[in-house]
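The values are calculated or read from the model by the stated rules, or taken from the named source; none is laboratory data. Predicted model only: the values in this text are computed from it and were never measured. Neighbour counts are summed over all protein chains in view; Cβ atoms, including those assigned to glycine, are modelled from backbone coordinates with ideal geometry.
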Amino acid sequence: MPEDVEKPHHLGHRQRLRDRFMAGGAEPMPDYELLELLLTHAIPRRDVKPIAKDLIARFGNFAGVISADPKSLAESKFIGDNAVVLIKLVREAALRLAKQDVINRPILSSWDRLLDYCQAAMAYGDTEQFRLLFLDRKNVLIADEVQQKGTVDHTPVYPREVVKRALELGASAIIMVHNHPSGDTTPSRADIEMTRMVRDALKPVGIALHDHLIVGRGRHTSFKSEGLL
């Protein structure tokens, strides 16, 4: 570019963002700046600050953006396939890192990390999802599987399928996890009844139901802690 042609102002801003990130990491940066820096790699020729701020306003925070459904992301102006792929790639990378902290490790010594993983994996979903965590006799997490996906307020769970899968994996115990898209993690009557049905189906084959967790954005409820198991 000739020296007498003024460069777009956002180019200097991008470099300043990169320099700040490299010097101090992401911690001091607000969510919209972190997202802005991410978008610079997918949208090279546009000021991405307004786009980042719009996405944060729509989805709440950085975690909400990277956890958003691809179709919802694509509805935002100027967000194309490259940006959607990059955003979802960041989420998948974060989930794999979080899962690595809990898989093949004793649950009791990594409970907080497990909660963080469940939050990252499920709290921002817009439909209910039912996940099973399978443990061996030493309470080591040996498998993590999504069993069912449902609607905004209901997920069908079949106790016989839960028992069958636990036996296939040789599990000694399980933890059930599901999300409430509303954010209210208070167990419903249906949640309580379903949990007890699964617990009762597991007992005859010697498999324990350690807990049932309901996760929402920034919160969770433990059936065990609430005396519901």
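Summed over segment 92-102, the residues that are out of contact with any Phe, Trp or Tyr (no Cβ under 9 Å at 6 or more places or on another chain) and surrounded by 12 or more Cβ atoms within 10 Å (Cβ to Cβ) give a count of 2. In this structure, does residue 61 turn out to be over 30 Å from residue 134 (Cα atoms) and in contact with an Asp or Glu (Cβ under 9 Å, 6 or more places away or on another chain)? Yes, satisfied. Total residues in segment 97-130 satisfying the condition of being over 17 Å from residue 146 (Cα atoms) and small (Gly, Ala, Ser): the figure is 2.
In the set 130, 134, only one residue is within 19 Å of residue 220 (Cβ to Cβ), among the aromatic types (Phe, Trp, Tyr) and either in contact with a helix residue (DSSP H, G or I) (Cβ under 6 Å, 6 or more places away or on another chain) or modelled with pLDDT under 95 (or both); that residue is 130.
Restricting attention to segment 117-130, does a residue exist that is farther than 15 Å from residue 177 by Cα and either in contact (Cβ under 8 Å) with a residue 40 or more places away in the chain or outside the structural domain of residue 53 (by TED's automatic domain parsing) (or both)?
Applying the first criterion (farther than 15 Å from residue 177 by Cα) to segment 117-130 yields 126.
Those still in the list that are either in contact (Cβ under 8 Å) with a residue 40 or more places away in the chain or outside the structural domain of residue 53 (by TED's automatic domain parsing) (or both) too: 126.
Checked segment 117-130: at least one residue is farther than 15 Å from residue 177 by Cα and either in contact (Cβ under 8 Å) with a residue 40 or more places away in the chain or outside the structural domain of residue 53 (by TED's automatic domain parsing) (or both).
Can you tell me which residue is surrounded by the most Cβ atoms within 10 Å (Cβ to Cβ) among those in segment 152-211 that are of a type in the set (Gly, Ala, Ser) and under 24 Å from residue 108 (Cβ atoms)?
Top of the filtered list is 166.
Only residues that are part of a loop (DSSP other than H, G, I, E, B) and either outside the structural domain of residue 140 (by TED's automatic domain parsing) or of a type in the set (Gly, Ala, Ser) (or both): list them for segment 168-217, please. Explain how you work it out, then say what you get.
First, pick out the residues of segment 168-217 that are part of a loop (DSSP other than H, G, I, E, B): 170-172, 180-188, 206-207, 217.
The answer is 170, 171, 172, 182, 183, 188, 206.
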